[in-house]
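Take a look at the structure set out below.
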Amino acid sequence: MCVLVRAGNDVFQARPTASAIQNVRGKSNDSIDLKAGQISALEGDNRWRLVVCVRGEIWVTQEQDLEDYVLAAGEMLVVNQRGKVVIGAREDASVEITPSLRKAPYRGRFQLLP
């Protein structure tokens, strides 16, 4: 089971600010810019990381999960399986990935872009 969240229409122009997404230990988020057709993989235990599609459209799959997920701008996915996570761009896209939220609460905020 995986958690998929779609933000309301008023935050589609929202973008997590790099310094704003942090956990208590101060680790900031990872930012990935992908061109259409490009793939990026997260190795290791990625449980409880939040994958946020900031721009474009992405495809996400995780090890031990039979489902694949397509996220548009403003949608996010909580990784809940151990193992590799693969993110592919269906079109040019920007992705933000938080540190694991398993031990430390999420301390992020979203900022509207002009």
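Every number in this text was worked out from the coordinates using simple rules, so none of it is lab data. Because the structure is predicted, anything quoted here is derived from the model rather than measured. Neighbour counts run over all protein chains shown; Cβ positions are idealised from the backbone, glycine included.
With a Förster radius of 25 Å applied to the beta-carbon distance between residue 92 and residue 47, the computed FRET efficiency rounds to 0.30.
Between residue 80 and residue 40, what length comes free when the chain is fully extended (0.36 nm per residue of separation minus the Cα-Cα distance, one decimal in nm)? Present the calculation step by step, with values, prior to reporting the outcome.
Details: separation 40, 0.36 × 40 = 14.40 nm, distance 1.81 nm.
Result: 12.6 nm gained on full extension.
Peptides 47-53, 31-37 ordered by packing proxy, namely the average of other Cβ atoms within 10 Å per residue, highest first: 47-53, 31-37.
For GluC sites (Glu not before Pro), the sites in segment 66-95 that DSSP calls loop and that have at most 12 other Cβ atoms within 10 Å are 67.
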